[in-house]
Structure formats: C-alpha cells, structure tokens
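> Structure below; questions to follow.
The values are calculated or read from the model by the stated rules, or taken from the named source; none is laboratory data. This one's a predicted model, so the numbers in the text were calculated from it and none came from an experiment. Don't worry about glycine lacking a Cβ; one is built from the backbone with ideal geometry, like all the others, and counts go over all protein chains shown. Just the protein is used for accessible areas: all its heavy atoms, side chains included, with ligands, DNA and RNA removed. Shrake-Rupley method; radii C 1.70, N 1.55, O 1.52, S 1.80 Å.
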Amino acid sequence: MTDVLEDNVDEGFWSPQAERERDDPLRPAYHFTAPSNWLNDPNGLIQWKGTYHLFYQYTPDSPLGGLKHWGHASSTDLVHWQDHPIAISPTPGTSDEDGIYSGCAIDGDGAPMVFYSGIQGPNQLICRATSDDRLETWQKDPANPVVDSVPDELDLLTTDDGTTHYRDPSVWREGDTWWMTVGSGITGVGGTVLLYQSANLSDWNYVGPILIGDANQREPVWTGTMWECPQLFPLGNKHVLLISVWHERKTHYTVYMVGTYRNQRFTPEHTEILDPGSFYAPQTFQDEQGRRIMFGWLREQRDRQAMASGRWNGAMTIPWELSLGDDRRLRYRPVPELQVLRRDHRRVEHLELGPGHATMLPGLDGDTLELDVRITPGAARVVGLILRRSPDGSEETRIVFEPDNEALAIDRTRSSVDTTGDRERHEAPLALADGETLQLRVFVDRTIIEVVANGRVMLTERIYPTRADSLGVGVFAEGGNAIVERLDRWRMTAG
Ligand code: FRU
C-alpha cells in the first residue's frame, strides 16, 4: 500500500482541486472526484465536531477499480473538500485482505467509529475500526470481523464464485440499543435487509430481515436479487429505506421506499426509483443542524478504453438535502452552501417558445452552471432545455419533458460526436398537477448533468462532449407553444 501511495505522489496524487482540473475538460470542477483513479460509493458520511467527512470506495492504483480502500476528504461547508490520506486499507492475512467495502460512520460513545464490509476470498463480513477527532488514522478492532458469520437460518444468495452476498452495514442508535442493517439477498426470492442488535457495538445479535423483496415482481419497480447499501432512516413522520438494486454481477439503480418501521419490520407505503440515470449507492447522514443530506455515486458512462486511459473515474453528486412531501415522496433540495460557487447571474423572463425550433440564449453559455428554470408547457408535446451545444449543433444535450407521457429524460443521442459512450435514454416519471409549472433545478459540471424536477424527481446523466465550444444553452418546445416564465443561470466556480 505504501508503495502505491508513494508512486502516486510523484504523479501529483495529492494535488489540490485546481491542479486536478488541469488539462482535463471532462473532469467535474465542483463535484467531488478522487485525487486520481477509481471512486465508487460514498461511505462513512458524518459531521464530526463541525467538520464534514466524506469517505469513499477507492482503488488508488487503477482508473478501472480493483482492490477497494476507503478514500477520505473533509470539508467545513460541504462544498470545498480537502483530501486526506487513504483512511482504511486492506490488511493482508486478515478478514479484510481483499477489500474494505462500503459502510458507515457513527459516534461510537464519544469516538468516531466505522463499520465496513471486510472482504476475504468469498467471505463478506462486518468489521469495525475507531479513530480520534481527526478521523485520519483508524485502528481496526483485533476481534474483526465483529459479525463473523452470516445467519445460518437463511439461504443467502451465493454466486458461482462462492461469494455469499452480505455487505454494507449501516448502524444507528435508539436509546441504549444499537441497530445495524446489512444488505443481502435470499436465494430464489429477492433482495433483503437483515437487522442486528447490540448493547455495546461489539457483540451483535441477528434479529431478522426487516424486509424481503420479490425478484419476480416488476411492479411498482423491479428490485433485483440482492440489495446493496441499504439504509433505513426516519424522515418527517415516516421511515425511508434506500436500497441499491444488484442482479447477476450488475448494479442497476437505487430504489427508495417510504413507509412504517415497527417491531423491527419495515412496511413500504410508497416505492420508486430514486434516479434512473447514472446515480447509484447513495448514503445519507444527519448533520449537526439536523438536516438529512445525501450523496450518491455518479458512475462513468464512457467506454472501458476511455476510462482506462483517464486519470480519474467516478464522481459524487452534489449534497442534496432530503425531506418528505405530503404525498410520501422524497423532496430534494441542493444544500444552500453551494450558492457560494455562484457567479455571473443572468435571468431571462417571459420567453415564448414557438413549436419546432430551439431558442439559444447567447451569453448564458458555459460548462459549469446552475440553472433554475420555470416553464409553462402549454400546448407543447415536448419542452425543455438545451445544454452543452456546439455552435454548429453537432453536439448538444437536451433535458426533455413530455407532458403527455408524463416523462422526464435527458436526451444524449447527440451529446458527443464520439459515439463510444453510453447514450441510453433513462426516463423518470414526472406528472404535473393541473396548472403546475415545470421547475428544473439543473447542475451542469462538464460531464455531469444533475436535474431535479419540481423538487421531487431526480435524474442524473453523464455526457462526454468532445468540443471545447460545446457550451451553448437554450430552450425549446415541440408540437405547441410553451412559455419560459423565468430562467436563472449562474456560472459555478471550482469547489
Ligand atoms: C455498491 C457496492 C457495494 C460494495 C461496494 C464495493 O456499489 O457494490 O455493495 O460494498 O460497492 O466497492
């Protein structure tokens, strides 16, 4: 491990953010990316004595993934991040020698404590480590794994390589009792979330599944055969369960359920896909102000060769604050701290859009932007925004709302003249109430488009324009007139 670190220092491994962006027009400027190489899930999110800590799944020596560590960054404002040395690395000959997989951080009776999945060959078991107020160096519990076998009364999903899928602990406290959930799947049935109980954080008793999914059920959404990164937390007067859907070695999307948690069982009352785009494996935490904040992993959608030749891979979403609507659906709000990045505000008001042509908005262009747009779709069949358009139109990305189909999508068919990246269309259901305007909160960061529509529908995609002049911003309507009531745009400076 030390060798890897030292090798990378010479290549600018610990470079500051500004250095990271040098010469790489694809690298997000204000979304968090690792100093170099592979990043996946956010881990161990916590605010400790005022400072926010973001740990993340990290392969320090390859842009394509591999042996997983926990990378580490901290921030006092959720916007500007400072890199720290790798927090936790695999220890050869132990229960985590083949990887430090995802997990959580808690205040373990006054000391920072993390729980993670230790990987050793086909075994995925629960380990823990403690630290001091800097959260930089971690002492693994010599008794690891603290949960040293899977519950034998269940037939947990085991793949042909012998791996029993059982990982991603999430721990919380209720009174004097500690609870932990672990993601898994039951053979021939579906994904599940297993519950454990402890009085001292080191001895854990298996309680049972809080919920078992049905892999044969397509409605309201398909939830695969195994659930990664489950997290159960209270929100408003309900509980939310996040699960990330895994099936046959592939990750799919994250599903959220809002429901009731009683007697160690979770009963969903509303279930939907959180974001059908490139978003996966989110984690939330409650900060010192009591806000429930979520980060998700934004996967690359470049082809393998492009990823192999890149110096970095994967990004985090911006921090989103979650709340619960009266309709038992999540609401997403960008944390207000992000507003420090705003520069050069422009506003367009009451712009009528005729059907069939695009209106470009000169002076609003850029590739690191925030937009807040309100549109009355009127008679339009399709209405939306154009982003990252080249002057000759050979590259452009469209955020598309189709009122009749009640669908929001990001059209990437012409995002890049390089056709090797993923262009699949992912639709998020979006139904507007009578008289409701379409409201789009959009964060553009070079290769990231993050959209929240009407506070309740999230959709994120990755795009890879090739041209430096693919910066144009516009609006369009098809099939009828629409009105842009107001469009606010800011340039976002680097985080
Ligand atoms: C989700 C996931 C987790 C696992 C980690 C490994 O993306 O597969 O289940 O702990 O990533 O990096």
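> Please report Rg (one decimal) and Dmax (integer) in Å for the Cα set of segment 345-492.
Cα-based Rg and Dmax for segment 345-492 come out at 13.9, 41 Å.
> Measure out, as a whole number of angstrom, how far apart the alpha-carbon centroids of segment 142-220 and segment 25-50 sit.
27 Å
> Counting Lys and Arg as +1 and Asp and Glu as -1, each charge on the Cβ, what is the dipole of segment 345-492 about the Cα centre in debye, to the nearest 20? Intermediate results must be reported in sequence, preceding the final value.
Numbers: 19 positive and 26 negative charges, 65 e Å.
Dipole about the Cα centre, nearest 20: 320 debye.
> Percent relative contact order of segment 3-334, based on C-alpha pairs within less than 8 angstrom and at least six residues apart?
On the way: 865 pairs, mean separation 44.7, N = 332.
Here the relative contact order equals 13 percent.
> Along the positive direction of the dipole of segment 111-264 (beta-carbon charges: Lys, Arg +1; Asp, Glu -1; about the Cα centre), which of 251, 202, 158 reaches farthest?
251
> Determine the calculated [θ] at 222 nm for the chain from helices alone, applying -39500 (n - 2.57) to every DSSP H run no shorter than 4 residues and normalising by the residue count; nearest 500 deg cm²/dmol. Write down the numbers at each step before the final one.
On the way: 3 runs with 20 residues, N = 495.
Rounded to the nearest 500, it is -1000 deg cm²/dmol.
> Reachable aspartates and glutamates from residue 250, Cα under 13 Å, same-chain residues fewer than 8 places away excluded?
228
> Which lysines, on any chain, are close to residue 68 with Cα under 17 Å apart, when same-chain ones fewer than 8 places away are left out?
Straight-distance partners of residue 68: 140.
> Report residue 155's accessible area, 1.4 Å probe, all protein chains in place, as a number in Å² to the nearest 10.
For residue 155, solvent-accessible area is about 100 Å².
> While we're on this one: Starting from segment 360-426, pick out the GluC sites (Glu not before Pro) whose DSSP state is loop and whose Cβ has at most 13 other Cβ atoms within 10 Å.
Values: sites: 370, 395, 396, 406, 424; in loops: 395, 396, 406, 424.
In loop regions of segment 360-426 (DSSP not H, G, I, E or B), the sparsely surrounded GluC sites (Glu not before Pro) are 406, 424.
> Give the average over all directions of the projected area of the C-alpha convex hull of the chain, one decimal, in nm². Numbers along the way, then the final one.
Numbers: hull surface 89.4 nm².
Taking a quarter of the hull surface, the average projection is 22.4 nm².
> Over the chain, average the accessible area per residue using a 1.4 Å probe and give it in Å², no decimals.
Values: 19190 Å² over 495 residues.
I get 39 Å² per residue for the chain.
> What dipole magnitude, in Debye to the nearest 20, does segment 388-473 give about its Cα centre under +1 on Lys/Arg Cβ and -1 on Asp/Glu Cβ?
Values: 12 positive and 17 negative charges, 67 e Å.
Rounded to the nearest 20 debye, it is 320 debye.
> Along the charge dipole of the chain, Cβ charges K/R +1 and D/E -1, which of 383, 239, 60 sits furthest on the positive end?
The residue sitting most towards the positive pole is 383.
> Enter the Cα centre distance for the pair segment 407-432 and segment 238-271, rounded to the nearest angstrom.
If you average the Cα positions of each part, the centres end up 26 Å apart.
> How about segment 255-329: which GluC sites (Glu not before Pro) there lie in a loop by DSSP and see at most 11 other Cβ atoms within 10 Å? Kindly include the intermediate steps, with their values, before the conclusion.
Values: sites: 269, 272, 288, 300, 321; in loops: 288, 300.
Those satisfying the criteria are 288.
> Sticking with this structure for a sec: Would you tally the net charge around residue 450, using a Cβ to Cβ cut-off of less than 11 Å, leaving residue 450 out, and scoring K and R as +1, D and E as -1?
Numbers: positive: 441, 462; negative: 275, 370, 445, 461.
Local net charge: -2.
> Express the carbon and sulfur contribution to the solvent-accessible surface of the chain as a percent, rounded to the nearest whole number, probe 1.4 angstrom. Write down the numbers at each step before the final one.
On the way: 8770 of 19190 Å².
Carbon-and-sulfur percentage of accessible area, whole number: 46.
> Taking +1 at the Cβ of each Lys and Arg and -1 at the Cβ of each Asp and Glu, which of 146, 432, 366 sits farthest along the dipole of the chain towards its positive end, judged by Cα position relative to the Cα centre?
432
> Using only the heavy atoms of the protein chains and a 1.4 Å probe, how would 238, 49, 140 rank by accessible area, largest first? Could you put the intermediate results ahead of the total?
Numbers: 238 35, 49 140, 140 60 Å².
Per-residue accessible area, sorted high to low, gives 49, 140, 238.
> Using the Cα centre of the chain as the reference point, and only Cβ charges (+1 on K/R, -1 on D/E), how large is the resulting charge dipole? Debye, rounded to the nearest 20.
Values: 47 positive and 74 negative charges, 225 e Å.
Charge dipole, the chain, about its Cα centre: 1080 debye, nearest 20.
> Right, here's the next one. Could you list the GluC sites (Glu not before Pro) in segment 118-197 that lie in coil according to DSSP, counting only those with at most 13 other Cβ atoms within 10 Å of their Cβ? Kindly include the intermediate steps, with their values, before the conclusion.
Details: sites: 136, 153, 174; in loops: 136, 153.
Here the GluC sites (Glu not before Pro) that fit, given the DSSP loop and packing criteria, are 153.
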